[in-house]
Amino acid sequence: MTDAPLAPERPRVKLMPKANARALRHGFPWVYSNELVTDRRTRKLAAGSLAVLLDEVQTPMGVVAVTPDSKIIARMLDRDPEAVIDQTWFVARLSRAQQMRERLYDAPFYRLVHAEADGLPGVVIDRFGDTCVLQPNAAWAEAHLEPLTAALAEVTGCAVILKNASGRTRGLEGLDDVSGTLLGEAPAAPVPVQMNGATYMADLTGGQKTGLFYDQRENQAFAARLVPQGGEVLDVFSHVGGFGLAMRAAGAAHVTCVDGSAAALELAGQGAEASGFGDSFTAQQGDAFDQLAALDEEGRRFDVVICDPPAFAPSKPALEAGLRAYERIAKLAAPLVKPGGYLGLCSCSHAADLSKFRNASARGIGRSGRRGQLIHTGYAGPDHPQLPQLAESGYLKAVFFRLD
């Protein structure tokens with residue numbers, strides 16, 4: 001019988017008396033820079049260093065990862081101050097995450113790790129069959145990339161693990177934006193993913209984020225329920241056709257996808273072909289606001305219109321401008337909906353909470369001269385769990401209206 005690994009000697013970092021130690025004990029995962037005593041020794045710690053967090057009376061609270069120059073100066077990794085953060089530790093976290101996804105999904109295509117909500121702060125992992133795409137968005141994860149990668153291969157059996165370094169928060173952690181291959185060989189072509197009756201093409205090396213947005217899966221399934229047989233649908237900010245292809249698979253006669261990215265629309269077209277309805281798919285590249293206005297001028301009308309833009313309000317300083325943009329999208333999109341048709345509006349801005357986003361959407365609909373019934377509110381799917389103590393983990397909102 002082998003002895004359990006001993007916890008290494010770690011530096012100690014201490015909360016200020018004004019810090020909310022109770023919130024940390026109850027599950028809040030972050031310590032902000034104005035809550036930690038930042039003496040000379042703490043400031044000299046390398047980004048991502050592991051330390052034991054002490055409360056104001058020197059009681060150990062757990063193991064944290066410290067990044068002295070970040071606003072989020074410490075992230076809670078384990079509430080056991082003696083925890084050893086090694087491959088075995090990662091295996092336990094990853095196994096727990098995979099167990100839930102295997103219960104929810106009948107094929108290994110899902111978000112495997114959703115950062116803090118899965119106990120791995122700043123770490124995002126999406127699985128595409130035998131390939132995983134890993135985003136180490138925090139300095140501690142970058143520093144522990146080797147045992148994390150080994151654990152991921154052990155738990156999933158995946159032959160290919162890719163590192164995606166495009167995460168916006170990496171810069172805040174002092175990390176570079178260089179992506180690469182951690183295990184195996186990167187796929188030479190887009191990977192087909194089956195969802196909601198359609199085939200989506202995920203570019204795992206050159207696409208946006210990890211290649212596909214799994215978070216909208218349930219919202220896309222709901223949108224598909226709204227489509228009348230033979231209906232016309234419009235998917236704006238379509239990326240690779242997430243909503244449009246699901247609605248076409250549900251019986252729409254034709255789908256029009258609008259996006260600013262030619263590469264994304266090419267993948268959407270490939271997905272339409274692979275799904276067997278390439279002849280009833282139209283791609284329109286251009287600025288979404290301009291395209292919506294042009295479609296209205298042409299007199300085009302649709303049974304279902306979906307707008308799923310990027311984060312217009314990625315931070316609190318951008319909130320008011322972001323809400324105006326969401327309102328404008330609703331105002332431009334509503335006239336394109338046939339009487340009795342449906343408008344779906346989405347936001348991935350965590351700074352804009354549901355109430356603010358819903359109100360902005362309703363204002364836009366009203367300003368267009370239309371009246372709407374709010375029939376459904378959707379969120380990210382269960383492979384994107386929320387940490388109840390961390391509002392940022394519930395970033396995705398989708399509101400669906402039936403218009404008069």
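By its C-alpha gyration tensor, with a ≥ b ≥ c as the square roots of the eigenvalues, how is the range 212-316 shaped: rounded for a/c under 1.5, else prolate for a/b larger than b/c, else oblate?
Here the range 212-316 falls in the rounded category.
Once the other residues with Cβ under 12 Å from the Cβ of ALA223 are scored (Lys, Arg +1; Asp, Glu -1), what is the net sum?
-1
Expressed as a rounded percentage, what relative contact order does the chain have, with Cα pairs under 8 Å and six or more residues apart?
Relative contact order here is 10 percent.
Could you give the length gained on full extension between ARG371 and ALA159, defined as 0.36 nm per residue of separation minus the Cα-Cα distance, in nm?
Gain on stretching ARG371 to ALA159: 71.1 nm.
Working out 0.36 nm times the residue gap between SER95 and ASP176, then minus their Cα-Cα distance, what length gain in nm do you get to one decimal?
26.3 nm
To the nearest 10 Å², what's HIS376's accessible area with a 1.4 Å probe?
60 Å²
What whole-number value in Å² describes the accessible area per residue of the chain for a 1.4 Å probe?
That works out to 43 Å² per residue.
For the range 281-334 and the range 103-121, write down the distance between their C-alpha centroids in whole Å.
Spelled out, the Cα-based centre of one part sits 30 Å from the other.
Hey, for a label at HIS26 modelled as a point 7 Å past Cα toward Cβ, could you say which residues of the range 376-404 have their backbone N under 15 Å away?
388-391
When the accessible area of the chain is split by element with a 1.4 Å probe, what percent falls to carbon and sulfur?
Here it works out to 50 percent.
List the residues whose amide H sits under 5 Å from the amide H of VAL84, counting only those 5 or more places along or on another chain, with H placed 1.01 Å from N in the peptide plane.
Amide H to amide H, under 5 Å and 5 or more residues apart or across chains, VAL84 pairs with nothing.
According to a simple spin-label model (label point 7 Å from Cα along Cα-to-Cβ), what is the distance in nm between GLU56 and GLU273?
6.5 nm
Taking 7 Å along the Cα-to-C-beta vector as the label spot, tell me the ASP69-LEU354 distance in nanometres, rounded to one decimal.
Distance between label points: 3.9 nm.
At q = 0.09, 0.11, 0.12, 0.13 Å⁻¹, what log₁₀ I(q)/I(0) does the chain have when each alpha carbon counts as one equal point scatterer in the Debye sum?
Values, matching the q order: -0.59, -0.84, -0.97, -1.09.
By the scheme Lys and Arg +1, Asp and Glu -1, what is the net charge of all other residues having a beta-carbon under 13 Å from that of SER166?
Combined, the nearby Lys, Arg, Asp and Glu give 0.
Give me the one-decimal nm value for the distance between modelled label points at ASP287 and GLU9, 7 Å along each residue's Cα-to-Cβ direction.
Simple spin-label model gives 6.2 nm for this pair.
Given 0.36 nm per residue, what is the gain on full extension from ALA318 to ARG225 after removing their alpha carbon distance, in nm?
The span from ALA318 to ARG225 would gain 30.1 nm if fully extended.
Please go through the residue pairs LYS44/LYS209; LYS71/LYS163; LYS18/LYS316; LYS71/LYS209 and name each one whose alpha carbons sit more than 29 Å apart in this structure.
LYS44/LYS209
The values are calculated or read from the model by the stated rules, or taken from the named source; none is laboratory data. Since this is a predicted model, take the numbers as computed values, not measurements. Here the Cβ is made from the backbone with ideal geometry for all residues, glycine too, and neighbour counts use every protein chain on show. Side chains included, ligands, DNA and RNA excluded: accessible areas come from the protein's heavy atoms. Shrake-Rupley method; radii C 1.70, N 1.55, O 1.52, S 1.80 Å.
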